[in-house]
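Worksheet: one structure, shown below.
The values are calculated or read from the model by the stated rules, or taken from the named source; none is laboratory data. Bear in mind that the values here come from a model prediction, so they are computed numbers and not experimental data. Cβ coordinates were reconstructed from backbone atoms using ideal geometry, including for glycine residues, and neighbour counts include every protein chain displayed. Accessible surface is based on the protein model in full, side chains and every heavy atom, while ligands, DNA and RNA are left aside. Shrake-Rupley method; radii C 1.70, N 1.55, O 1.52, S 1.80 Å.
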Amino acid sequence: MFNKRTKIKTLLAGEFVGQDVTVMGWVRTFRNNQFIALNDGSTNNNIQVVVALGMLDDATLKRITTGASLKITGEVVASLGKGQKVEIQAKGLEVLGDSDAEKYPLQPKKHSLEFLREIAHLRFRTNTFGAVFRIRHSLAFAVHQFFNERGFVYLHTPIITSSDAEGAGEMFRVTTLPMEGAPRKEDGGIDFGEDFFGKSTNLTVSGQLEGELGAMAFSDIYTFGPTFRAENSNTTRHLAEFWMIEPEMAFYDIEDNMNLAEEFIQYLIRYAMKHNAEDLEFLDQRLAEEEKQKPQAERSEMGLLEKLRFVVDNQFERIIYTEAIDILLDSPAYKKKKFKYEVKWGIDMQSEHERYLVEKHFKKPVIVTGYPAAIKAFYMRMNEDGKTVAAMDILAPGIGEIVGGSQREERLDRLEQRMKDMHIPAEEMSWYLDTRRYGTVPHAGFGLGFERMVQFVTGMGNIRDVIPFARTPKNCEF
């Protein structure tokens, strides 16, 4: 029976001494034809299996190579060697899967992250990615637990949609029309009436608009699903396919929205710190080693665990956009022309600006509100000044914006005018406007890019290293 096995993480807690157990996993190292370091992915720590000399024939010994998978039965005993509390004295060993030691890419040595991206199908077996993806799992679980505890309804919004919630137009088209010889209208344009859905459709950039519909019935909902952006961006912060968490709350204003988002971020970090302490300690040490290789001026002021505690223990600073611009204009970085992008009222702040506010000026997470209407989406509530909207972005150390949200425009006339100004066809969005026609209420919501959150908690420098298989421009491997 294969499921009658004990996980290595459980065994290493030391409660099985004197008992016979069955373990299964992959060989990390095998030395002296006697000591096997076995790992099953439940923890970065291996269990040492001691094979008595003469127990196995030469043919079997040769099959115990790095990467091979084994089934071992034996007695758990207190370890005589350093580095582990317990080990297993093998009584039986079966090779489940061979691994050619000459060809196996993951030799027991340090590999670069770039190399590991090329073999993403095997990189889960390394300590770094074992830690990252166990933390990713915990954070995903914590997302559902947080909202469930607060009575939110989990809503699955469509992956295929005919609307562009962000208005940026960077979308992947979904079609069954032939690549060549697509049906045409009289004006020469493609006739999407002949397509599968009878209209032009694309992969979703956000579940927000549909989420608002749910909030108008359940009061509090959240979505957590894949989203897609066809932005030709090859940076360490962008993916073409990523996961978004988007709560929408009826009877919330911008202040309620900020409070929930702050509480949410702190909850997720606390959950990981409690349930993944071992993995976070490993990544903290890994990051410290990485930082030592950098010039002094580029090193982070805080270690990973220190940064996480800092976010959990501090209230987030709250400022309006105008104050943020004034701080940037008055900064030594601006005066010494250290910023690559210009600073003036009306700009969409770049990552370097956001990070300056967080890391240099306030030295804590910052929530910026009151952005210029011209750089924000049509659904955001217009402030009384007629120039700014009730938007909010949460900026975190290391990566800049981690959450974007707003109070939504609940006044039908204002929303229709804004859509007209932004050339968004109201007739195609009549279903959305119905929420303002029939019992409209003040409401708000935000979006948290899940990979950016995982990146923040794990300290990984590249977003491609916190999603199992990255989808980026010119790259769709595995």
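Close amide-amide hydrogen proximity is noted between THR43 and LYS9, each under 5 Å apart and 5 or more residues distant or on a separate chain (H modeled in the peptide plane; Pro and chain starts excluded). For segment 142-235, applying the loop criterion from DSSP together with a ceiling of 15 other beta carbons within 10 Å to the trypsin sites (Lys or Arg not before Pro) yields ARG150, LYS185, LYS199. Modelled this way, with points 7 Å down the Cα-to-C-beta line, the labels at LYS420 and GLU477 are 5.3 nm from one another. Considering the dipole of the chain built from charges on the beta carbon (Lys and Arg +1, Asp and Glu -1) around the Cα centre, which of THR175, GLN285, LEU305 is farthest to its positive end? My answer, from the dipole projection, is GLN285.
Based on C-alpha pairs under 8 angstrom that are at least 6 apart in sequence, the chain has a relative contact order of 13 percent. TYR222 contributes about 10 Å² of solvent-accessible surface, heavy atoms of the protein only, 1.4 Å probe. Charges were assigned to the Cβ only: +1 to each Lys and Arg, -1 to each Asp and Glu. The resulting dipole of segment 59-112 about its Cα centre is roughly 220 debye. If you take the Cα centroid of segment 268-290 and the Cα centroid of segment 420-478, the two points sit 27 Å apart. To the nearest 10, the accessible area of PHE450 is 0 Å² with a 1.4 Å probe.
Per residue, the solvent-accessible area of the chain (1.4 Å probe, heavy atoms of protein chains only, all protein chains present) comes to 50 Å². Given +1 at the Cβ of Lys and Arg, -1 at the Cβ of Asp and Glu and no other charges, the dipole of the chain around its Cα centre is 1860 debye to the nearest 20.
In the structure shown, the pairs LYS338/LYS360; LYS4/LYS71; LYS71/LYS110 are assessed against 19 Å; a Cα-Cα span above that value is assigned to LYS71/LYS110. Membrane-span-like helices in the chain (whole DSSP H runs, Cα extent of at least 24 Å along the helix axis, mean Kyte-Doolittle hydropathy of at least -0.5): 127-149, 254-275.
Of all the accessible heavy-atom surface of segment 115-237, with the other protein chains kept in place and a 1.4 Å probe, what percent is carbon and sulfur? The computed percentage sits at 52.
In this rough spin-label picture, where each label sits 7 Å from Cα along the Cβ direction, the THR235-PHE339 distance is 1.5 nm. Using C-alpha pairs below 8 Å separated by at least 6 residues, the relative contact order for segment 44-169 is 21 percent. Since only ILE367, TYR341, TYR379 are under comparison, the one whose Cα sits farthest along the positive direction of the charge dipole of segment 335-380, derived from C-beta charges on Lys, Arg, Asp and Glu, is TYR341. Distance between the pseudo-spin-label points of LYS360 and MET273 (7 Å out from Cα toward the beta carbon): 2.8 nm. Think of the chain as a dipole: +1 on every Lys or Arg Cβ, -1 on every Asp or Glu Cβ, centred on the Cα centre; then among GLY67, VAL86, TRP431, VAL86 lies furthest on the positive end. Counting 0.36 nm for each residue step from PHE115 to GLN19 and taking away their Cα separation leaves a gain of 30.4 nm. Assign one of three labels to segment 36-101, namely rounded, prolate or oblate, based on the Cα gyration tensor with a ≥ b ≥ c the square roots of its eigenvalues; rounded applies when a/c is under 1.5, prolate when it is not and a/b is larger than b/c, and oblate otherwise. Oblate shape, in that a/c is at least 1.5 and b/c is the bigger or equal ratio. What the Cα atoms of segment 106-239 give is an Rg and a Dmax of 20.5, 65 Å.
Residues LYS103, LYS9, LYS82, sorted by accessible area with the largest first, give LYS82, LYS103, LYS9 [1.4 Å probe; ligands and nucleic acids excluded]. Pairs from the table (LYS307/LYS335; LYS85/LYS294; LYS292/LYS340; LYS420/LYS474) lying more than 31 angstrom apart at Cα are LYS85/LYS294; LYS420/LYS474. Per-residue surface analysis assigns TRP243 an accessible area of about 90 Å², computed on protein heavy atoms at 1.4 Å probe radius.
One entry in [x] 56, 48, 44; [y] 66, 52, 42; [z] 85, 59, 43 is Cα extents along the principal axes in Å calculated from the shown coordinates; its label is [z]. Once you have a ≥ b ≥ c as the square roots of the Cα gyration tensor eigenvalues for segment 333-376, tell me rounded if a/c is under 1.5, and otherwise prolate or oblate according to whether a/b is larger than b/c. Since a/c reaches 1.5 but b/c is at least a/b, the shape of segment 333-376 is classed as oblate. A helix-only calculation puts the chain at -9000 deg cm²/dmol for mean residue ellipticity at 222 nm, using -39500 (n - 2.57) for each DSSP H run of at least four residues, averaged over all residues.
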